[in-house]
1. If you check ASN104 against the conditions, is it over 17 Å from ASN158 (Cα atoms) and open to solvent by 60 Å² or more (accessible area, probe 1.4 Å)?
2. Select from region 35-55 the residues that are surrounded by 13 or more Cβ atoms within 10 Å (Cβ to Cβ) and of a type outside the set (Ser, Thr, Tyr) and list them in ascending order.
3. Just to be sure I understand, how many residues within region 64-85 are touching a Phe, Trp or Tyr at 6+ places or on another chain (Cβ under 8 Å) and either closer than 20 Å to THR53 by Cβ or surrounded by fewer than 17 Cβ atoms within 10 Å (Cβ to Cβ) (or both)?
4. Report yes if some residue within region 167-181 is within 30 Å of ASN122 (Cβ to Cβ) and open to solvent by 30 Å² or more (accessible area, probe 1.4 Å); otherwise report no.
5. Does region 183-197 include one or more residues that are of a type in the set (A, V, I, L, M), assigned to a helix (DSSP H, G or I), open to solvent by 30 Å² or more (accessible area, probe 1.4 Å) and in contact with a Leu (Cβ under 8 Å, 6 or more places away or on another chain)?
6. Of everything in region 162-188, what is among the acidic types (Asp, Glu) and within 26 Å of the chain's Cα centre (by Cα)? Give them in sequence order.
7. Of the residues in region 157-189, how many are of a type in the set (Ser, Thr, Tyr), at pLDDT below 95 and farther than 19 Å from PRO222 by Cα?
8. Looking at region 215-228, which of the residues that are of a type in the set (Ser, Thr, Tyr) and over 19 Å from THR296 (Cβ atoms) is least open to solvent (accessible area, probe 1.4 Å)?
Amino acid sequence: MGNTVEDDFCVNQEPSFFSSSTLILVFESGTLVSPRATSGATIYYTTDGSTPTRTNGLVYSAPIIVNSAKTIKALAVQNGMRDSTIMSTSYTIIVKKSAMDLINEASESGDWTGINETTFANADITSVTASNLAAIISAMDANGTAPWTVSTIQAIVNTVLNDNVKQEELASINIASESGNWTGIDETTFANAEIAGVTAVNLISVQYYLENDSTPLPRTLPQVQTIVGEVIQVLWVQSIYSYLNPSEGGPSPTLDVFEGAGITGVNSSNLDAILEELRLAYWESRNNQLATPMSTKKDIQDVVDLFLL
């Protein structure tokens with residue numbers, strides 16, 4: 001329900017009323033209008049534009065609800081007294097805009113003045129703060145135009161929050177890469193930065209390579225991912241060499257191992273034969289100082305390629 005408006009006027013031996021002119025007031029829908037007159041007076045009112053008289057209009061008994069634009073005219077009468085002047089008030093109803101309406105209007109116009117984190121909260125959009133408001137507005141401007149829905153804006157907010165987390169985690173990784181202090185940096189840190197492939201098993205190797213890689217700091221996410229990919233590939237190559245080297249006794253490499261090592265041309269039908277060729281090449285390297293040592297990706301790929309000829 002909207003506001004409550006009370007208009008005072010009286011009946012008297014001398015006409016007494018604040019004004020006989022028409023007032024134009026602006027209120028929200030649901031405004032209650034309560035004209036008040038001298039005690040004992042009867043109020044007649046109209047809402048159809050006609051003039052109230054003792055024989056025309058409704059007798060006022062309860063607040064008049066104004067849900068749409070209208071003019072209320074009222075007359076107070078009492079036996080033994082002169083009738084009051086006509087009170088005439090026009091009500092223009094404004095439709096209160098929702099928070100989503102305000103956000104959509106701002107998005108359409110590009111003018112975000114007055115839109116803040118509270119506006120988003122009132123629209124049931126969560127996690128918008130004073131610190132990330134500018135980034136969210138920028139993302140909305142870049143992603144399209146109104147009309148937005150709560151769910152589409154929330155998705156953008158979540159993306160911005162996720163990007164912020166990624167950048168914070170990347171900054172931590174870069175700081176650790178430069179300082180060599182990896183306290184608090186683990187596989188979860190890399191996962192939060194959306195850097196794939198880092199596990200508890202290879203974490204130390206990844207940290208070592210990040211410290212010693214020649215790519216200048218600070219590095220971007222793609223640059224860190226490239227380094228991590230190279231580390232993983234080296235570790236898979238090492239696992240193949242561990243299999244070939246009896247002193248290490250590594251397990252027999254699978255197709256996934258060859259794929260992880262970046263070795264091409266190996267499939268389920270030739271896997272066993274290629275493993276045999278690699279074993280032969282390894283023992284040849286042990287017996288011939290000029291032969292390939294079989295410990296690098298290129299060494300292994302050369303044997304595979306020769307087998308495939």
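The values are calculated or read from the model by the stated rules, or taken from the named source; none is laboratory data. These numbers come from a predicted model, not from an experiment. No Cβ is skipped: glycine too gets one built from the backbone with ideal geometry, and neighbour counts run over all protein chains shown. In case anyone asks, the SASA skips ligands and DNA or RNA and just uses the protein heavy atoms, side chains included. Shrake-Rupley method; radii C 1.70, N 1.55, O 1.52, S 1.80 Å.
1. Answer is no for this residue.
2. Residues satisfying the conditions are PRO35, ARG36, ALA37, ALA41, ILE43, PRO52.
3. Result for region 64-85: 12.
4. Yes, that holds for at least one residue.
5. no
6. Matches in region 162-188: ASP163, GLU168, GLU169, GLU187.
7. Total satisfying the criteria: 0.
8. Restricting to residues being of a type in the set (Ser, Thr, Tyr) and over 19 Å from THR296 (Cβ atoms), the top hit is THR215.
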